[in-house]
Structure formats: C-alpha cells, structure tokens
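This report refers to the structure that appears directly beneath it.
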C-alpha cells in the first residue's frame, strides 16, 4: 500500500478544484473506521502522557516538539499486542490517524505553561487558580484552531506543503499498516530501543550517577572543548561570555535529525552570525549587557527582534505572492452558491458556518476570561483577535516548512505591538501576547495533524473533532503537573538550574523593557530588525525562485536568533549526522535503521529522553511519595 501523491508539476499547474477531485477519487477512504471510541480513548491517554514530555522539554529549553510519530507507533504496538493474545483487534490505518490527531493536539497544549502564564504569575507574585489556567488554555487553543482550519485548503490541499512532523507520521502509519510482513514490528523495535537509549542518556545527564564525587554526564565529554572555547575571544570578548558553548542534549539532537540538513545548516549559519559576528559588535556599542548575576552577555534579549522580523517577513511573503488564492478562500466562506458549484469536498470538509459562528463566540469567551482572570481591558482583548489570525498564518507557514513553530518570536511581535497601543501595562503586555501566540500555536498544530490525514484519505471532520478532544485532555494533564513542579518554585526563586524556564524569563524581560513603549528598544535592535526583515524577504524569494534549492532557509536563520547557540549547534549536529549516514551508508541493516527509519529513531530518542526527564523531576520533587501517601501507601 503506497501513498498516492501528486507530482510537482501537477501541484504547480492544477487548480484547487482539480486537486480536490483527484484526492477524492484516488486517496479518500470514507468507508474505513476512523474516530472510534477506542481510538479516542487511546489518543487522549497517549496525548496526556506525551504532553508531559513536551512540558519537560519546554521547561528546560523553552520549546516544544511534536508527538505524532511516537503516538502512532505506541498505539500500533499496543493494539498489535492485544490482537496477538486475542484481547482485541488491530487498529485500522485511519483509527491510528484519528488517534494521532488527538495526541498531537494534546502534546502542543504546553506553550502557555512555559511562557506567558508563569511570567504573569512571577510579575504579580502569586499563582492564579488552576481551573482558570485550564479554561484559558482551552479557550485560546480552540480560537487558534478555528482560525487555522480554513488555511488547510491553501497550505495542504493546494500547495501540498510538507509539514515535516505530520508527513513523517503519515509515512510511519503507511509503513506500519503495509502488507510487507514484519515492517510494523521492526519500527516498533526501533522506537522502543531508541526510547530506552534516550531515557538512559537523560538519566545520566540528570546527575543521578556519579564517579569520585562528581556527576557523571555525557556533557562532561565536551569539557575539553569548553575549556578551549573559554580561552578564545572575539573583539576582546571571550566566546563563553558571548554564549558560545557546547553540550549534549538528546531531544534537540533528535529534532535536528527530523528537520534535515538544509534547515540544520541554516540554524548553524544563524547562530554563528548572531553570537560570533553581531554580538561582539553590538556589545562594543553598549546595547548588550551581562545577565544579572552571571558572566554571560544576554545576547538573545537583543537579537530576538531580528529573529522575529525575519521569521515574520519570510512567512508573510508567500501569502502576499499568492494573495489571489487567499482572497478566493475568504470569499468562499461567504459565497454558498460558489461553494456548491466548485467545491468537490463540501460534504466532508468542516462546514464554513462552524468558523463563521465559532470564531465570534469563542472570541467573546476569550475576551471575557481575559478581563475576569487577568484584568485585561476588553478593548485590548478585542485588538488581539485579528492578531491571532495574522500570527496563525505566520505559524502555519513556518510549521509547514520546518516542523517547528516560532512561538517565542510570535509572542515578541505581539508584545511589541502592545507596547505601542497599551504602554506601561506590563501584565496586559504579557497576557495579550500569550493569547495571540498560544492560539497561533494551536492553529499550526491542527494543520500539522491534519497533514497525515490528507495523505492517507481521512475525514477532515473527524480530525477536527479529535483535535478538540486533544486540546481538552492535554490542557488538563499538563496544567496539573506544571502547578506541582514548576510554578511555585519559579514564582519564589525565578529561573533555577533544574528548571531554567527560559521562555518565561524572556517574556518577563521583554514586557519590562517594553512597558515604557517601543522607544525603550536600543536603536541598533531596531535597525537590525529592519535589516533582517529585508533579508527574510530576499532569502524567501530566492528559495522560491530556485524551487527550494537555495541553501539557506530564512526560517532556520531567524529561529537561531532566538534560541541558545548550543541548541542551534545540536540541531545542526543531528541534521548533519543523519544526512551523513544517508551518504556514507549505502546498504545493509545499518542503513535500514539510521536512514530508512531515521524519523522513527529520532522520535524514540526524543520521547524517551523527555519522559525520563519528567519522571526524574517528579521523583526529585517528592511527588511520587505524595502520591503514595494520598493512596494510603506508606514507604
């Protein structure tokens, strides 16, 4: 069973209606079981579990990653095992797809919990009730999904953009359910072994193991490199002071393997440009200072504006070029006759009335919650609604090409806007920015989990329902754990070595800087943002003109401006490792593992490391003891 896809020529030349008719006739599987009770329950269980994985990663490095491939293989393995012992039957292909829609949505429900919410609580110096956080996250996530679904027709049906994580999940599902004997079991073994390896590495990295009184970690292997770096300097500034360093991180390495060499190389280019070229120069101008209590320059506080500018222009340019398609899509929401005459998928796509009714209703709910929970002026909440749509477009386009959503950069765009319309209101700055960016993340994750369904012939309506289920379960599970593990410590102590919470730190810092208005930004940051905005336009135009052959991707360069140097380097290292394996290893079992199943391998590493990290953290915080005590078990 091979996935049927349009050729590049047909993608370029056919109309949307032609592509939709072809999909309906050649790919659609309307008679196959999809969103069943067991697929819904399995998706909610795995989604809740994997949302904790993303919560851990976010607290460590301020980012989150997709869980679709991991959920797909775990569900397949579970039901294949039940089928073997005659306690159940195998998942169908599209049941597995419906399950991953739920799990993917749940996995992305951690953004607000590692950024805007802890930043807000730290500013006001107390925690808000847990139920308020849950309701807020669910509401803004639903709003983002409602804005995003109309974009599906352009990004997925028409342009056939890759959405790397979603595409990987589709390929894995196709292989698991293929007629080739043993393929599904082989992928399951790879995932299990990789997850075990990732868990072992994370356990070692946690410092639980020691030798001669010193923690024994894989990062210690980089000590000689770090020592060499500490002796080097640029313009009189030590590389270590500039934030240039190396350290092992299994999750980021695995993500690099998923992104590929072009994006990985772009991250490295952006990191070198930011930390080794621009930072020394800007420090000499006096616009970058040391972090409080640390001998490291806060480069990202300055460069975040440049990165956000490049990400924005590179994402908006394709929309400007294709403005006619966007116009047609908007008109199609209101032209019922046109929809009946020209839409081959009108019976299976989510009806336009859902968005026409849902967006105003959920918007009112979000504005009301913002006023009641966070004292946000309703007018400021109203201004955030169109920003949700704009940022959803940016997030969806970025995610379509890289598999990653620039949540931090999008938040800074909104914070900058509110610095102009509502200066000197720091809490409004944080929470309105969180509203817009977190809603956009939910929207982009919806399109990410819709992609494999389109590849495999699933019903879009079933996936939309699954996404809503995932939003609910992921919000509840992740919020409960975040309140127990992170929030109290962060409010009292701020960033710690165990829980750096870098995203929340950046949100706080930016809000404090901008509370006095846009003029508070250094002039060099504004000039650099303009330059990078123009560069984003040029790079994206060159990439499109060369049909993807241009070696540098503006999304990767822009993203590298807003994350640590070590993270960009590890992303490049992961991408380079698997790219090199594809060139060097030509045949045999090793190629089957490292090249043909690299996506499954990377997903296993990421999942094992992150889940081990959250379990270790719960153990160190004494939460297991509390749980046993609550159950009446004494240890």
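The values are calculated or read from the model by the stated rules, or taken from the named source; none is laboratory data. Worth saying up front: this structure is predicted, and the values here are computed from it rather than measured. Cβ sites come from the backbone with ideal geometry, for glycine too, and all protein chains shown count toward neighbours.
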Has the stretch 379-396 got any residue that is surrounded by 24 or more Cβ atoms within 10 Å (Cβ to Cβ), more than 20 Å from the chain's Cα centre (by Cα) and modelled with pLDDT of 70 or more? yes
What about residue 47, is it surrounded by 14 or more Cβ atoms within 10 Å (Cβ to Cβ), within 30 Å of residue 566 (Cα to Cα) and modelled with pLDDT under 75? no
For the stretch 449-466, does any single residue satisfy the condition of being at pLDDT below 85, assigned to a helix (DSSP H, G or I), in contact with a helix residue (DSSP H, G or I) (Cβ under 8 Å, 6 or more places away or on another chain) and closer than 27 Å to residue 30 by Cβ? yes
Please determine whether any residue of the stretch 402-409 is within 26 Å of the chain's Cα centre (by Cα) and modelled with pLDDT of 80 or more. no
Subset of the stretch 1-20 [touching a residue at least 40 places away in the same chain (Cβ under 8 Å) and in a loop (DSSP other than H, G, I, E, B)]: 1, 2, 3, 5, 6
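Take the residues in the stretch 524-546 that are assigned to a helix (DSSP H, G or I) and free of Cβ contacts under 8 Å to residues at least 60 places away in the same chain; name whichever of them is surrounded by the most Cβ atoms within 10 Å (Cβ to Cβ).
Residues of the stretch 524-546 that are assigned to a helix (DSSP H, G or I), as a first pass: 524-545.
From what's left, free of Cβ contacts under 8 Å to residues at least 60 places away in the same chain: 527, 538, 542-543, 545.
Values: 527: 11, 538: 13, 542: 14, 543: 22, 545: 10.
Only one residue tops the list, namely 543.
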Within the stretch 89-108, is even one residue under 30 Å from residue 425 (Cβ atoms) and crowded, with 22+ Cβ neighbours inside 10 Å? yes
What's the number of the only condition in (1) surrounded by fewer than 22 Cβ atoms within 10 Å (Cβ to Cβ); (2) assigned to a helix (DSSP H, G or I) that residue 572 fails to meet? (1)
